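Just below is one structure, and these are the notes that go with it.
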Amino acid sequence: MSQVEIAERLGVSKQSVSNWENDNILPSIDMLIKIAHLFSVSTDFLLGEDERQYLEVTDLTQTQMSHIQQVIDDIRNA
């Protein structure tokens, strides 16, 4: 995803995104939450406190969730 796309989705300027990437300025706490949602990760992950990543699954059916759980179990048991 480009800086322009990120900026558009977050409602900020491309320059703001560039400044965050280059450690010139830090995003606000509210913006950190928006960035985390945009990339489907936790704020802890963004801050380097947690290496785990999370996927948004709230819109999946129970059947889809069961299938995903089976795939995860298969990978862990491989």
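The values are calculated or read from the model by the stated rules, or taken from the named source; none is laboratory data. Fair warning: this is a prediction, and the values are worked out from it, not measured in the lab. In this analysis, Cβ positions are derived from the backbone assuming ideal geometry, glycine residues included, and neighbour counts consider all displayed protein chains.
When restricted to residues that are assigned to a loop (DSSP other than H, G, I, E, B), within 28 Å of Ile6 (Cβ to Cβ) and not hydrophobic (A, V, I, L, M, F, W, C), region 36-78 contains 12. Given Val17, Val41, Val4, which one is hydrophobic (A, V, I, L, M, F, W, C) and modelled with pLDDT under 90? Answer to the selection: Val41. The set of residues from region 4-27 being more than 15 Å from Leu38 (Cα to Cα), of a type outside the set (D, E, K, R) and part of a loop (DSSP other than H, G, I, E, B) comprises Ser13, Asn22, Asn24, Ile25, Leu26. Of all residues in region 26-40, those that are in contact (Cβ under 8 Å) with a residue 24 or more places away in the chain have Cβ atoms under 6 Å from Cβ atoms of residues that are assigned to a helix (DSSP H, G or I), 6 or more apart or on another chain, in Lys34/Leu10; Leu38/Arg9. Restricting region 27-78 to residues that are surrounded by 10 or more Cβ atoms within 10 Å (Cβ to Cβ) and of a type in the set (D, E, K, R), the residue that is nearest to the chain's Cα centre (by Cα) is Lys34.
Kindly establish whether Val4 is in contact with a helix residue (DSSP H, G or I) (Cβ under 8 Å, 6 or more places away or on another chain) and not polar (S, T, N, Q). Yes; evaluated as a whole, the condition is true for this residue.
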